[in-house]
Amino acid sequence: MKIGIIGGGIGGTAAAHALLSKGHDVTVFEQAPAFGEVGAGVQMTPNAVKAVKGLGLYDTLLESGFFPKAIVGRNWRTARENFRIDLGQEFQAHYDAPYIHVHRADLLDLFATQLPPECCRFGVKCTGVELTGRGARASFDDGSTFEADLIVGADGVRSAVRGSLFGTGDLRWTGHQCYRALVPTGGVVDHVNPDSTFWMGPNAHVVTYYVKGGEMVNIVAVTEATEWVDESWSTRASREDMLADFEGWHPDLAKLFSQVEEVYNWGLFDRDPMDGWTKGAVTLLGDACHPMLPFLSQGAAMAIEDAYVLGEALSLSRNDLAAGLAAYEAERRPRTSKVQLEARERGRTYHLPTEEEMAARDAEYARRAKEDPRTTGINTDWVYDYDPRGFASRVGELA
Ligand SMILES: Cc1cc2nc3c(=O)[nH]c(=O)nc-3n(C[C@H](O)[C@H](O)[C@H](O)COP(=O)(O)OP(=O)(O)OC[C@H]3O[C@@H](n4cnc5c(N)ncnc54)[C@H](O)[C@@H]3O)c2cc1C
């Protein structure tokens, strides 16, 4: 099939790789002058790593990945450990994949370097799509158009493709904003270590983890904001604002934040799950259809799972587009909807405002740890358990 993918982020490039490897004729349209990602980390949870295995890129991922020892929850003021999920051999064997931290640029490169240059068009912004008798047509801001058997909208939270066919109305400002920064690991302090650490405090939380093979600490520090904050990776903030917003938190965090040279802030938006994301020869993928709060570390993971499943679904349906897209959406929509809503719920439980509520939450974490350590804390066993590689056996023959 001739396929156009709008958006060359992590989702679009992963989808292009998946579809090219199935023999389709793929073109990616990216509005930026080149593929690029900002200086920040991504936690690749086992489900995402399984999708990367399915896409045949696992060994390359390992080259740029950092392997944390545990996911640890800590009290915001005392650094007391509230929960611990060990990420060692047993965890990896259970999920058939490790938990890996990567720099966003390395993750994008993992997929983008697989794409032949002639498949990629840069500096073209999609302004809309329409269905045609035989497929779909995308229009661009330079006046050009592109007709294909299938158009995939992988153009992020403000998707023009989604806007064209499903409307733009319901982007939700979640009332959260986050600071993000990278600090060299050289001068870091006790409790900021190779674990993936969730510091939970009143109306705020901080996540710290290593990236770049352990050379840098990635910091995501989330607060609640009364005023709307722009959704942009490139809005600069100040170290002083960051320190002021986390005044009274554990001294290790203050020491870490005081080493920040460049800090950005980002307003967090999501949407309600969609009732459907395919119309005729147009479908959506990644943040374009299921933007979510980053509190389960799943946005990129869901986009990569989508990419793998889309490639498989079109193969299994032997190019019966309607059957393939129906199977893709049937596999992906229930899962991504649940993850979207659960990520929103974590925005509440990570930010409980009073000491009493926090103590009750932490007691519940301890209770679950005794029952099954994999379900304690952020409680993501059900997220990590999913294996996109089982899709073919779940759906059987589609054609
Ligand atoms: C603070 C923070 C931390 C996060 N941490 C994690 C994590 O640890 N793990 C995880 O899995 N996820 C994480 N995420 C989520 C993850 O970053 C996103 O879900 C993921 O990047 C979505 O990828 P995408 O390709 O769907 O969209 P995007 O990354 O938004 O890519 C869309 C692409 O489309 C292009 N584009 C947009 N509009 C047009 C147009 N009209 N025409 C042409 N091109 C267009 C854009 O330039 C961009 O390149 C985090 C998010 C945030 C905010």
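When its C-alpha radius of gyration is set against 2.2 N^0.38 Å (N residues), the stretch 32-110 gives a value of 1.28.
The relative contact order of the chain comes to 21 percent, based on Cα pairs under 8 Å that sit 6 or more residues apart. Pairs over the 20 Å Cα-Cα cut-off, from the set LYS69/LYS255; LYS22/LYS125; LYS22/LYS53; LYS338/LYS370: LYS69/LYS255; LYS22/LYS125; LYS338/LYS370. Rounded to the nearest 10 degrees, the inclination of helix 355-371 to the longest alpha-carbon principal axis of the chain is 70 degrees. In a simple Cβ point-charge model (Lys, Arg +1; Asp, Glu -1; nothing else charged), the chain has a dipole of about 500 debye relative to its Cα centre. Whole-Hz Karplus values for the stretch 103-113 come out as 6, 4, 5, 5, 5, 4, 4, 3, 8, 5, 6 Hz, taken residue by residue from phi with 6.51 cos²θ - 1.76 cosθ + 1.60 and θ = phi - 60°; glycine and proline positions read x.
What does the C-alpha gyration tensor say about the overall shape of the stretch 117-184? Classify as rounded when a/c is under 1.5, otherwise prolate if a/b is larger than b/c, or oblate. Because a/c hits 1.5 or more and a/b fails to exceed b/c, the stretch 117-184 counts as oblate. Name the shape class, rounded, prolate or oblate, that the alpha-carbon gyration tensor gives for the stretch 250-336, where a ≥ b ≥ c are the square roots of its eigenvalues, rounded holds for a/c under 1.5, and otherwise prolate holds if a/b is larger than b/c and oblate otherwise. The shape class here is prolate.
Along the axis of the charge dipole computed for the stretch 203-342 (Cβ charges of +1 for Lys and Arg, -1 for Asp and Glu, origin at the Cα centre), the listed residues GLY213, GLY311, LEU293 are led at the positive end by GLY311. In terms of the mean number of neighbouring beta-carbon atoms within 10 Å, the peptides 386-395, 11-20 order highest first as 11-20, 386-395. Roughly speaking, to the nearest percent, how much of the chain's 1.4 Å accessible area is carbon and sulfur? So the carbon and sulfur contribution to the accessible surface is 48 percent. Based on Cα atoms of the stretch 171-321, Rg over Rh with Rh as the Kirkwood radius reads 1.07.
Sequence-ordered 3J(HN,Hα) estimates for the stretch 25-39 from the Karplus curve with 6.51, -1.76 and 1.60 and θ = phi - 60° stand at 9, 10, 10, 9, 10, 10, 5, 6, x, 7, 5, x, 9, 7, x Hz, glycine and proline given as x.
Over the Cα atoms of the stretch 94-223, the radius of gyration divided by the Kirkwood radius equals 1.09; this is the Rg/Rh ratio.
Peptides 116-128, 208-220, 38-50 ranked from most to least packed give 38-50, 208-220, 116-128, packing being the mean of other C-beta atoms within 10 angstrom over each peptide's residues. Entry note, the chain: the mean residue ellipticity at 222 nm calculated from DSSP H runs of n ≥ 4, each adding -39500 (n - 2.57), is -10500 deg cm²/dmol after division by the residues and rounding to the nearest 500. Our summary of shape: the Cα atoms of the chain have principal axis extents of 63, 43, 37 Å, ordered from largest down, in whole angstrom. Measuring between their Cα centroids, the stretch 118-167 and the stretch 276-291 lie 12 Å from each other. Here the stretch 277-399 is treated as a sphere whose radius is the Kirkwood value from Cα pairs; by Stokes-Einstein at 20 °C and 1.002 mPa s it diffuses with a coefficient of 132 µm²/s.
Note that the stretch 46-53 has calculated 3J(HN,Hα) couplings of x, 4, 5, 5, 5, 5, 5, 4 Hz, one per residue in order, obtained from phi through the Karplus relation 6.51 cos²θ - 1.76 cosθ + 1.60 (θ = phi - 60°); glycine and proline are x. For the stretch 171-228 versus the stretch 316-372, the spacing of their alpha-carbon centroids is 20 Å. Each of THR376, THR145, GLY123 was scored by the projection of its Cα onto the charge dipole of the chain, and the greatest displacement toward the positive side belongs to THR145; charges sit on the C-beta of Lys, Arg, Asp and Glu. Scaled to the globular estimate 2.2 N^0.38 Å, the Cα spread of the stretch 1-149, given as radius of gyration, is 1.31. Annotation: per residue accessible area for the chain equals 39 Å², rounded to a whole number [probe 1.4 Å, protein chains only]. Of the trypsin sites (Lys or Arg not before Pro) in the stretch 289-343, the ones in a loop by DSSP (not H, G, I, E or B) with at most 11 other beta carbons within 10 Å are ARG318.
The values are calculated or read from the model by the stated rules, or taken from the named source; none is laboratory data. This is a predicted model, so every value here is computed, not measured. Glycine also receives a Cβ, built like all others from the backbone with ideal geometry; neighbour counts cover every protein chain displayed. SASA here: full protein model, heavy atoms, side chains in, ligands and nucleic acids out. Shrake-Rupley method; radii C 1.70, N 1.55, O 1.52, S 1.80 Å.
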